[in-house]
Each structure stands twice: as structure tokens, then as C-alpha cells.
1. Within the range 16-118, considering only strands (runs of 3 or more DSSP E) that don't extend past its boundaries, which have at least 2 residues that are within 25 Å of L138 (Cβ to Cβ) and without any contact (Cβ under 8 Å) to a residue 40 or more places away in the chain?
2. Filter the range 143-173 down to residues that are of a type in the set (K, R) and part of a loop (DSSP other than H, G, I, E, B), then give me how many there are.
3. Could you figure out which of (1) under 19 Å from the mean Cα position of the chain (by Cα); (2) surrounded by 11 or more Cβ atoms within 10 Å (Cβ to Cβ) isn't true of R26?
4. Among residues belonging to the range 123-168 that are more than 19 Å from the chain's Cα centre (by Cα) and among the basic types (K, R), point out the one that is modelled with the highest pLDDT.
Amino acid sequence: SFPTGGVEISKLVLAIDAGRLSLDGRAGETLDLRVNAKDIPLSAVKLVAPKLDLSGTLNAEAQMSGKPDDLAGPWQIRIARLVTPETRSAGLPPVEISGNGQFSGRQTSVEATLTAGRGANLAVRGTAPLSASGALALTIQGKLDAALANALLAAQGQRLTGTVTLDLRAGGT
């Protein structure tokens, strides 16, 4: 339905291959919206961005309330077996990403992990803006197996061993 200042969505469900995307609530001048993505194949992204060739699955949930520039609510995401043409050609293992956070005004908190087999294990924590003009405050820590680069270096007869330890901080607008 279309009440003044928005749209009311009641249990809208889209089947996307073997996955389901559901929306329920109100969107417009203020939000009271629940979004749930279950087993969405990332290959479906090609429908809106034909140049992206992704594989894997997406599971996510979010509850958003408040004005669009003053959001509140929790979110969580899990991307399983993510593969891109670049990771495939580099011989990298599929990537697993999981994270959660809380919308708060014009930013969100972030607690996330990224793993790629036994070769990469990263943790991301902090806050990120919900617009291009907001402030970023993230910490990324973890370890990478230097051998991940060997598929790219093999053509030159080179090889790496060892571990790369990361401790990065990104901040600012």
C-alpha cells in the first residue's frame, strides 16, 4: 500500500534461484523495515551488473528504523564461498565473510571476519559511514600466508614463503 510519505510492504518475497529475499515493513520518510536474504546466489548479481562474475551465496538480515539519515537497528551478513574472476585466476581459495553491526545515525558499527582457506584470516572492527561523506574508523588485523602470491609469481620462477602479519587502522572522512 502507499500511505502518505512512503510505501507499506507486507511480506514481499522474491525467489532468486535457490535463494529468497524478503522485505517487510515501511519505507519512505521514516523506515521500519526488515530485510532477510537467505541462500541468495551471488551469480544473480549479473542481472544488475553484467560485468560482475561472482559465485558464492549470501545470507543477511537487517532491521532498520528511523529516518534515512538517522537509522537504528542491527544487521548481520554471511557470504560463503565467494569467488571472483580475479581470485580464480590468482589461484586463491574461496573467501568466507561474516559480520554484524548496529546502525546508529549516519554510521554503523562493524565486527567482521574474512577467511580464505588456511591462507588468510582477517578481523575488521570499528565504525563505517553510511554515506560517502561520513567518518571511517576501522581496525584490520590478521595474518596472510605469503604463499597466496605464488600463483601470480610462478610465471617469473619466483616463490614466497612465510606469514604476513597485518595491523592496519583506517580513519578519517
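The values are calculated or read from the model by the stated rules, or taken from the named source; none is laboratory data. Quick caveat, the model's predicted, so the values are computed rather than measured. We place every Cβ from the backbone using ideal geometry, glycine too, and count neighbours over all the protein chains shown.
1. The qualifying strands (runs of 3 or more DSSP E) are 31-41, 55-67, 70-83, 95-105, 107-116.
2. So the count comes out to 1.
3. Unmet condition: (1).
4. K143
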